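The values are calculated or read from the model by the stated rules, or taken from the named source; none is laboratory data. Keep in mind the model is a prediction, meaning the values are calculated, not measured. Every residue, glycine as well, gets a Cβ built from its backbone with ideal geometry; the counts of neighbours run over all protein chains shown.
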Amino acid sequence: MFDPAHVAHAQFRPQVMHLDMGKPASKDDPVTFQADTVDYNDAEHTVTWSGNVQVWQNDHVLRADRIIYDRDTGVVAARGNVATVQPDGSVLYAHYAELTGGMKDGIMLHVNAAMADNAKLAANGLRRTAGKVNDLSRAVYTACEICAKDKTKPPFWQFRAFGATQDMEHQKIDFRDAFFDIMGVPVLYLPFFSITDPSAQRHSGFLMPGITPHDRYLGTYFTIPYYWVLNDQSDITVQGLFSTRTGPQISAQYRNRFNFGRLNVQGALAYDTHHPYEYVNGFGERVDGGGSHGVQGHLFVQGQFDINKHWRAGINARVATSADYMRDYRVQGYGADTLRSNIYVEGFGTGAYTRLDTQFYQGLNQGVIHNADLPFGLPRYTYSFLSQPDALGGRLSVDTTDFNVYRANGTSDQRGQLTLNWDRPFLAKSGQQFLLTLRLDSMIYRATKLYEQPNYYRTSRAMVSGQVLPTIALKTNWPFVRTFAHGRGTQLIEPIAQAIYAPNTGMGVNDYIPNEDSLAYEFTDSTLFSLNRYQGTDRLDGGLRANVGVHANWTWNGHVVDLLAGESFQEHIEHDRLPYSGLDHHISDLVARARVSPNQYLDFTARMRLDPHTTTVNFADALFSAGIPHVHIRGGYIWEPVTPYYYYATDYLYGSPPNLYIERTSELSGGASFDWDNWRVSGFTRRSLSRNSFVTVGGDLGYNNDCFGIDFMYLKQYTSVGGQQRNSTYLVTVSLKTLGVFGLK
């Protein structure tokens with residue numbers, strides 16, 4: 001038993017010995033030891049420390065059952081449970097160690113190293129040189145847990161090498177004549193293999209290469225990435241792509257995190273040997289491929305920088321030479337309709353926000369919108385302010401969004417806008433909740449080419465127009481609440497009524513008011529009690545109207561049932577309002593929402609809009625999620641007879657829009673997942689019932705443990721984007737902890 005009374009302590013400055021774990025130590029640095037017993041042998045010029053020996057100098061520690069120091073040669077011999085702390089914080093264990101030169105040189109036998117991220121390195125023997133290089137014989141490396149019951153049982157995976165070199169200065173480990181074992185079975189031989197030392201958080205070097213056996217546009221292609229650490233705050237990754245069907249591509253990503261912001265720049269250059277080809281888009285027009293042959297490239301810049309504690313600026317620029325180039329080289333973002341870019345400066349204050357930015361769009365999908373039709377926002381200004389409660393108990397908000405929009409093909413216009421809104425809540429003695437709202441919307445416009453999209457007005461003159469709309473609204477909620485189930489549940493019945501009055505200004509067509517932010521109109525349960533049910537303010541809901549609804553909620557013992565239903569009654573009907581809006585009669589469509597969650601395993605939400613005159617469902621969607629431990633299923637459905645935005649893409653007032661725009665949406669989606677221990681499997685699908693075809697089908701199968709992961713993914717897309725036909729993707733991903741991820745697509 002260890003007896004503190006027999007612990008010997010000493011501190012001295014030796015002439016020769018410098019206990020150093022890898023960095024130079026001064027002769028004046030004190031060396032401290034602690035041991036049960038100390039034996040000085042003057043005849044042999046040795047010092048022997050025995051029993052729980054600890055020797056340390058600065059931050060370096062050596063532990064052993066017995067240490068002998070030869071004062072003539074400066075050799076330290078440690079035996080029995082030897083442990084040394086490395087400069088990177090890892091611990092090196094050995095049965096025997098013989099070190100010299102301030103412990104920068106020497107040998108160790110039966111070595112085990114506990115490294116960062118649970119990595120482990122073992123060897124029969126180790127030779128240390130200059131405190132920087134460890135040469136190992138018969139080395140084994142793994143990041144897997146060792147079986148506690150049977151330590152001789154091989155880990156899930158390991159590298160066995162005839163020889164290995166650990167370079168602590170350059171933070172890497174090189175293996176020679178190595179076998180990669182899975183559960184003790186050799187599956188791969190590598191004459192040479194190099195990894196980054198797990199203690200290195202960032203280290204320059206080649207990353208795991210990638211291979212794709214088959215791609216429609218690239219054929220068989222390889223990717224070879226190289227990661228370069230520039231300094232503590234920045235790095236760059238360069239990747240070469242080589243394919244069998246087109247020219248090579250060189251890409252790079254630069255990242256820098258400043259004290260005051262961050263910057264991320266991605267770009268590439270390639271020689272695309274594919275020639276663009278024509279295809280027929282959804283408009284029935286022939287579209288070329290956008291000139292993708294020859295030298296191509298893209299540049300994505302994203303950054304945000306703090307000016308001071310109230311202001312910051314940013315950039316998000318995304319440009320490419322052609323959409324076909326992005327398709328051919330699988331550049332991230334292909335498949336979207338546009339590439340969006342903006343530069344902005346924004347400020348924050350108490351209750352206030354302001355922003356000045358520019359907007360730029362590059363079209364990627366000629367099947368949806370033409371490049372020349374896309375707008376430029378040069379610039380756009382936004383300001384929003386919400387005051388503290390005033391002396392009357394109300395709160396004033398001020399909002400403005402002003403912009404200059406330019407189109408090469410279409411309406412160009414400028415807008416100045418100001419909205420003042422004052423809300424005052426009241427609470428009656430009988431429990432009614434009232435909200436009085438006074439609102440003033442004002443806009444002024446100057447526009448040219450109003451005869452082109454998205455307005456199609458019958459005028460060729462430049463117009464200056466505007467509108468002012470004062471609105472007064474009173475909303476009341478009267479909640480009736482009771483408790484039941486011994487206080488563990490509540491029941492709520494809440495009638496809601498709202499009266500709104502504003503002058504009937506119409507839809508703006510007669511005043512030649514352009515439309516930029518109110519192209520889509522959605523009347524659902526979420527906008528039932530909105531003063532303006534458009535997305536912006538270029539179109540305003542005017543006239544006299546009343547909105548009524550009933551909200552009901554039951555909650556008990558984790559069970560929830562929530563219902564809402566309502567309608568809108570309006571005096572004036574705008575005949576140029578979009579069809580299927582739900583508001584083209586004095587009595588609107590009935591909107592409803594239901595959420596049912598009977599327990600923690602099931603959740604169901606559904607919404608709908610029903611025409612009371614024809615009993616036609618003009619909109620519906622539903623989502624459900626159900627699951628028990630290890631099993632989960634989900635599904636959804638959406639129905640809409642038309643997408644309102646598409647009416648603005650063609651002159652529908654004097655002709656019918658293409659079928660692409662009025663084809664109904666009826667889509668069903670679903671998926672399921674299962675997991676057990678380290679295994680997981682999932683699948684999903686989307687099917688268009690109106691088109692009688694699938695949209696996507698996919699699945700995933702994976703296995704993960706503490707140090708290994710493998711994943712098989714399959715995805716089939718049935719849709720066509722920009723002339724690209726349906727395709728299937730298979731992806732196999734293998735993850736080895738501390739080594740990296742290898743993918744085969």
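Taking the condition of a type in the set (A, V, I, L, M) and more than 25 Å from ALA594 (Cα to Cα), does LEU563 pass? Write out each step before concluding.
On the way: of a type in the set (A, V, I, L, M): yes; more than 25 Å from ALA594 (Cα to Cα): no.
No, not satisfied.
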Among the residues listed as TYR353, TYR383, TYR334, TYR344, the single one being aromatic (Phe, Trp, Tyr), buried (at least 17 other Cβ atoms within 10 Å of the Cβ) and either within 28 Å of TYR512 (Cα to Cα) or in contact with an Asp or Glu (Cβ under 8 Å, 6 or more places away or on another chain) (or both) | TYR344
Taking segment 579-621 and keeping residues of a type in the set (A, V, I, L, M) and under 18 Å from SER530 (Cα atoms) leaves LEU583, ILE587, LEU590, VAL591, ALA592, MET608
Which listed residue, of LEU207, LEU218, is surrounded by 13 or more Cβ atoms within 10 Å (Cβ to Cβ), in contact with an Asp or Glu (Cβ under 8 Å, 6 or more places away or on another chain), touching a residue at least 40 places away in the same chain (Cβ under 8 Å) and among the aliphatic types (A, V, I, L, M) = LEU218
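Considering every residue within segment 439-460, establish whether at least one is farther than 30 Å from ALA372 by Cα, basic (Lys, Arg) and within 42 Å of the chain's Cα centre (by Cα). Reasoning before the result, please.
Pass one, segment 439-460, residues farther than 30 Å from ALA372 by Cα: 439-442.
Subsequent filtering for residues that are basic (Lys, Arg) retains 439.
With within 42 Å of the chain's Cα centre (by Cα) added as a condition, the list becomes 439.
There is at least one residue in segment 439-460 that is farther than 30 Å from ALA372 by Cα, basic (Lys, Arg) and within 42 Å of the chain's Cα centre (by Cα).
Condition check ((1) of a type in the set (D, E, K, R); (2) assigned to a strand (DSSP E or B); (3) touching a strand residue (DSSP E or B) at 6+ places or on another chain (Cβ under 7 Å)) across all residues:
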{"site": "ALA139", "(1), (2), (3)": "no, yes, yes"}
{"site": "CYS144", "(1), (2), (3)": "no, no, yes"}
{"site": "CYS147", "(1), (2), (3)": "no, no, no"}
{"site": "GLN166", "(1), (2), (3)": "no, yes, yes"}
Could you grab the pairs with beta carbons closer than 6 Å, sequence gap of 6+ or different chains, first residue in segment 392-415 and within 28 Å of LYS449 (Cβ to Cβ), second one of a type in the set (Lys, Arg) and part of a loop (DSSP other than H, G, I, E, B)?
-> THR411/LYS449
So which residues in segment 585-624 are under 16 Å from SER526 (Cα atoms) and either not hydrophobic (A, V, I, L, M, F, W, C) or not in a strand (DSSP E or B) (or both), if there are any at all?
-> SER588, ASP589, ARG593, ARG595, THR605, ARG607, ARG609, ASN618, ASP621
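So, of the residues in segment 192-204 that are of a type outside the set (S, T, N, Q) and assigned to a strand (DSSP E or B), which turns out to be surrounded by the fewest Cβ atoms within 10 Å (Cβ to Cβ)?
Step one: list which residues in segment 192-204 are of a type outside the set (S, T, N, Q), which gives 192-193, 195, 197-198, 200, 202-203.
This time we only want the ones that are assigned to a strand (DSSP E or B), so: 192-193, 195.
On the way: PHE192: 10, PHE193: 19, ILE195: 20.
Applying the filter and picking the extreme gives PHE192.
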Can you tell me which residue among ASP576, ASP541 is assigned to a loop (DSSP other than H, G, I, E, B), at pLDDT below 90, closer than 19 Å to LEU474 by Cα and acidic (Asp, Glu)?
-> ASP541
Quick one: in segment 121-156, of everything that is surrounded by 22 or more Cβ atoms within 10 Å (Cβ to Cβ) and in contact (Cβ under 8 Å) with a residue 60 or more places away in the chain, which residue is farthest from LEU739 (Cα to Cα)?
-> GLY131
Please determine, by comparing only the residues of segment 100-120 that are at pLDDT below 85 and outside any loop (DSSP other than H, G, I, E, B), which one is surrounded by the fewest Cβ atoms within 10 Å (Cβ to Cβ).
-> ALA116
Got at least one residue in segment 460-478 being closer than 18 Å to ALA552 by Cβ and touching a Ser or Thr at 6+ places or on another chain (Cβ under 7 Å)?
-> no
Any chance segment 417-434 includes a residue that's over 17 Å from GLY536 (Cβ atoms), touching a residue at least 40 places away in the same chain (Cβ under 8 Å), among the hydrophobic types (A, V, I, L, M, F, W, C) and surrounded by fewer than 15 Cβ atoms within 10 Å (Cβ to Cβ)?
-> yes
Per the filter on segment 393-416, residues crowded, with 17+ Cβ neighbours inside 10 Å, over 15 Å from TYR383 (Cα atoms) and hydrophobic (A, V, I, L, M, F, W, C) are VAL405
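Looking only at segment 215-244, filter to residues that are among the acidic types (Asp, Glu) and at pLDDT below 95; which one of those is nearest to THR729 (Cα to Cα)? First the steps, then the outcome.
Kept after step one, since they are among the acidic types (Asp, Glu), are these residues of segment 215-244: 215, 232, 235.
Subsequent filtering for residues that are at pLDDT below 95 retains 215, 232.
Values: ASP215: 9, ASP232: 38 Å.
This residue is ASP215.
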Given (1) surrounded by fewer than 19 Cβ atoms within 10 Å (Cβ to Cβ); (2) closer than 26 Å to SER581 by Cα; (3) touching a residue at least 40 places away in the same chain (Cβ under 8 Å); (4) of a type in the set (Lys, Arg), index of the condition ARG458 fails | (3)
Given the residues SER690, SER720, which is the only one that is modelled with pLDDT under 90, outside the structural domain of ALA323 (by TED's automatic domain parsing), surrounded by fewer than 17 Cβ atoms within 10 Å (Cβ to Cβ) and touching a Gly at 6+ places or on another chain (Cβ under 9 Å)?
-> SER720
Just name the residue that is nearest to the chain's Cα centre (by Cα) out of those in segment 528-551 that are surrounded by fewer than 20 Cβ atoms within 10 Å (Cβ to Cβ) and under 19 Å from PRO495 (Cβ atoms).
-> SER530
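Can you pull out the residues in segment 407-438 that are of a type in the set (Phe, Trp, Tyr) and at pLDDT below 95? Spell out the reasoning first.
Looking only at segment 407-438, we keep the residues that are of a type in the set (Phe, Trp, Tyr), and these are 422, 426, 434.
PHE426 - this is the single residue of segment 407-438 that is of a type in the set (Phe, Trp, Tyr) and at pLDDT below 95.
Quick check on segment 554-568. Is at least one of its residues surrounded by 20 or more Cβ atoms within 10 Å (Cβ to Cβ), in a strand (DSSP E or B), at pLDDT 90 or above and in contact with a helix residue (DSSP H, G or I) (Cβ under 8 Å, 6 or more places away or on another chain)? Full working, then the answer.
Here is the first cut: in segment 554-568, the residues surrounded by 20 or more Cβ atoms within 10 Å (Cβ to Cβ) are 564, 566, 568.
Next, only the ones that are in a strand (DSSP E or B) stay: 564, 566, 568.
From what is left, the residues that are at pLDDT 90 or above are 564, 566, 568.
Add one more test, that the residue is in contact with a helix residue (DSSP H, G or I) (Cβ under 8 Å, 6 or more places away or on another chain), and what stays is 564, 566.
Looking for residues that are surrounded by 20 or more Cβ atoms within 10 Å (Cβ to Cβ), in a strand (DSSP E or B), at pLDDT 90 or above and in contact with a helix residue (DSSP H, G or I) (Cβ under 8 Å, 6 or more places away or on another chain), one finds at least one in segment 554-568, hence yes.
This table checks each residue for (1) hydrophobic (A, V, I, L, M, F, W, C); (2) modelled with pLDDT under 95.
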{"residue": "TYR647", "(1), (2)": "no, yes"}
{"residue": "TYR652", "(1), (2)": "no, yes"}
{"residue": "SER656", "(1), (2)": "no, yes"}
{"residue": "LEU660", "(1), (2)": "yes, yes"}
{"residue": "GLU663", "(1), (2)": "no, yes"}
{"residue": "SER666", "(1), (2)": "no, yes"}
{"residue": "ALA672", "(1), (2)": "yes, no"}
{"residue": "ASP677", "(1), (2)": "no, yes"}
{"residue": "THR685", "(1), (2)": "no, no"}
Kindly indicate whether ALA83 is surrounded by fewer than 19 Cβ atoms within 10 Å (Cβ to Cβ), under 46 Å from the mean Cα position of the chain (by Cα) and under 24 Å from VAL38 (Cα atoms).
-> yes
